[in-house]
Amino acid sequence: MRALRLLGVAILAISGFVVVGSTTGGAGAADSSKYLTAQFHAKVMANEEFTLAGNVKTHFERLVRLQYKSGDTWKTIRTVTEAADGDGFEFTLVTTSKTRYYRYYAPSTTGSGGESGAKIVGYAKKVTVVSQKATYFGLTPSQQCTDDIHNVTLYAQFYPARPGRQVVVETHTGPKFGPQDRRGSVAITFNPGTSIISEYNLQAKAQPLAGASAKFSGPVSYSQGVCFDF
């Protein structure tokens, strides 16, 4: 049996989603042209950029306004022009730090060919802000003997998942990176790179993404020291 004894300690201090809700309309059959759709993610983090899209389907050029509900009124935050080809419109780089209802509004207008376009008021779309979370964080192995050092793997999982979002952990040999998978999980393997007797904390950091802030996991301790045979 071998017992690990720490003869010296070096401390390394290492620093370190919004649910798109249902669309509601009035009584009777829903008009598909009045829906707003949220692209790319079914959930978005606070201040993360997202896109709202739709199609007024009038086949002539007209203005479309993006509005959010404030009390009993609707405030316009963006205006775009839907082209005459009827391919629809997009409001890109939309962000919010709080739960909001969004809709589109197309004022009444007359097309260049004399076409008459009545005003269109789209259905409300709820966007709910949720907090980022580090749902799991672990390390294996968490202890090693200085005369038998192997690679270490750090495991972490973040919510909401963002496939490809970079996660970083600072180590004695510099920062090590790994991308989240579709479940928000990441595994980062690295060599401690030293035979120095030491103990230090490791912490995973999900990097800032599209306006959303970074998210840190809790710390986990790693140590290596001289081992003795009994």
Let's test the formula: R0 of 22 Å, r as the Cβ-Cβ distance of ASP229 and ALA187. What FRET efficiency results, to the nearest 0.05?
0.10
Compute the label zone of GLU61 within region 76-90: residues whose backbone N is under 17 Å from the point 7 Å along Cα-to-Cβ.
79-90
How many percent of the alpha carbon pairs in region 81-192 exceed a separation of 26 Å?
52 percent
Straight-line reach check, LYS98, cutoff 20 Å on alpha carbons, 8 or more apart in-chain or any other chain, hits among lysines -> LYS43, LYS69, LYS75, LYS125, LYS126, LYS133, LYS215
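Just subtract the alpha-carbon distance of THR128 and HIS172 from 0.36 nm times their residue separation and send over the number in nm, one decimal. Don't skip to the end; give the middle numbers.
Details: separation 44, 0.36 × 44 = 15.84 nm, distance 4.01 nm.
That works out to 11.8 nm of additional length.
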Extension gain from GLN207 to ALA53, taking 0.36 nm per residue of separation minus the Cα-Cα distance
52.7 nm
What the Cα atoms of region 145-187 span along the principal axes, largest first and in whole Å, is 40, 17, 12
Column: log10 I(q)/I(0), Debye, Cα scatterers of region 19-128, q = 0.14, 0.18, 0.21, 0.24 Å⁻¹:
-0.55, -0.88, -1.15, -1.41
Once the principal axes of the Cα atoms of the chain are found, what is the range along each, listed largest first in whole angstroms?
94, 32, 26
One finds, for THR79 and THR140 with R0 = 41 angstrom and r their Cβ-Cβ distance, a FRET efficiency to the nearest 0.05 of 0.15
FRET efficiency estimate (nearest 0.05) - Cβ-Cβ, PHE40 to THR110, R0 35 angstrom
0.50
Kirkwood Rh in Å, taken over all unlike Cα pairs in region 128-230
14.5 Å
Over its Cα atoms, what ratio of radius of gyration to 2.2 N^0.38 Å does region 47-109 give?
1.16
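Where a number appears in this text, it was derived from the coordinates with a stated rule and is not lab data. None of the values given here were measured: they were computed from a predicted structure. Reconstructed Cβ throughout: ideal geometry from the backbone, glycine too, with neighbour counts over all protein chains shown.
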